[in-house]
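K.L.:
Can you read through this structure? Questions will come right after.
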Amino acid sequence: QVQLVESGGGLVQPGGSLRLSCATSGSIFGVYAMGWYRQAPGKQRELVARITSGGSSNYVDSVKGRFTISRDKAKNTVYLQMNSLKPEDTAVYCCNFETTSRAYWGQGTQVTVSS
């Protein structure tokens, strides 16, 4: 069973930066989009950023100008560079791969923004 494995989460002060990575434990074919979702306590999961195989990306308004999604197609890896972090960015961040047959999800990595 192929899995997505996130890394890079942690505790950071407001204004700081983190870079999340999501790699696969095996080969996944037919990936047409990769994305990052987050869920804060008591809130619904939301799409943070998404990038297609063609390179088009979109972001939730609250992170525009601060977060950047990128991917390495050859490695089937997706990244989320998060700058100017705010306490409201605190959440569990999960990566997602959309393929022609199904969606894959990672287990999530905790990001905590606090002084």
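The values are calculated or read from the model by the stated rules, or taken from the named source; none is laboratory data. Because the structure is a prediction, the values reported are computed rather than measured. Reconstructed Cβ throughout: ideal geometry from the backbone, glycine too, with neighbour counts over all protein chains shown. We work out accessible area using only protein heavy atoms, side chains counted, and drop any ligands, DNA or RNA first. Shrake-Rupley method; radii C 1.70, N 1.55, O 1.52, S 1.80 Å.
K.L.:
Looking at Q39, Q44, which one is more than 16 Å from T109 (Cα to Cα) and open to solvent by 30 Å² or more (accessible area, probe 1.4 Å)?
P.N.:
Working: Q39 fails: more than 16 Å from T109 (Cα to Cα).
After ruling out the rest, the residue left standing is Q44.
K.L.:
Sticking with this one: R71 is checked against (1) assigned to a loop (DSSP other than H, G, I, E, B); (2) open to solvent by 40 Å² or more (accessible area, probe 1.4 Å); (3) not hydroxyl-bearing (S, T, Y) and fails just one. What number does that condition carry?
P.N.:
(1)
K.L.:
Can I ask one more? What are the residues in the stretch 55-72 that are of a type in the set (D, E, K, R), touching a residue at least 12 places away in the same chain (Cβ under 8 Å) and closer than 13 Å to C22 by Cβ, if any?
P.N.:
Within the stretch 55-72, just R71 meets the criteria.
K.L.:
Can you name the residue in the stretch 18-66 that is of a type in the set (K, R) and over 9 Å from the mean Cα position of the chain (by Cα) and, of all such residues, is farthest from N83 (Cα to Cα)?
P.N.:
Within the stretch 18-66, the subset of a type in the set (K, R) is 19, 38, 43, 45, 50, 64, 66.
Applying the additional criterion that residues be over 9 Å from the mean Cα position of the chain (by Cα) yields 19, 43, 45, 64, 66.
Numbers: R19: 9, K43: 22, R45: 21, K64: 10, R66: 5 Å.
Checking each candidate, the answer is K43.
K.L.:
Of a type in the set (A, V, I, L, M, F, W, C), part of a loop (DSSP other than H, G, I, E, B) and touching a strand residue (DSSP E or B) at 6+ places or on another chain (Cβ under 7 Å): is that true of V2 in this structure?
P.N.:
Details: of a type in the set (A, V, I, L, M, F, W, C): yes; part of a loop (DSSP other than H, G, I, E, B): yes; touching a strand residue (DSSP E or B) at 6+ places or on another chain (Cβ under 7 Å): yes.
Considered against the rule, which asks whether it is of a type in the set (A, V, I, L, M, F, W, C), part of a loop (DSSP other than H, G, I, E, B) and touching a strand residue (DSSP E or B) at 6+ places or on another chain (Cβ under 7 Å), V2 comes out as yes.
K.L.:
Sort through T112, T90, T77, T99 and tell me the only one that's farther than 13 Å from G9 by Cα, more than 11 Å from the chain's Cα centre (by Cα), polar (S, T, N, Q) and open to solvent by less than 60 Å² (accessible area, probe 1.4 Å). Walk me through how you get there before you give the answer.
P.N.:
Numbers: T112 fails: farther than 13 Å from G9 by Cα; T90 fails: farther than 13 Å from G9 by Cα; T77 fails: more than 11 Å from the chain's Cα centre (by Cα).
Selected residue: T99, the only one of T112, T90, T77, T99 that is farther than 13 Å from G9 by Cα, more than 11 Å from the chain's Cα centre (by Cα), polar (S, T, N, Q) and open to solvent by less than 60 Å² (accessible area, probe 1.4 Å).
K.L.:
Moving on to the next point. Here's a check for you: in the stretch 13-36, which residue that is open to solvent by 20 Å² or more (accessible area, probe 1.4 Å) and assigned to a strand (DSSP E or B) is nearest to Y79 (Cα to Cα)?
P.N.:
Top of the filtered list is S21.
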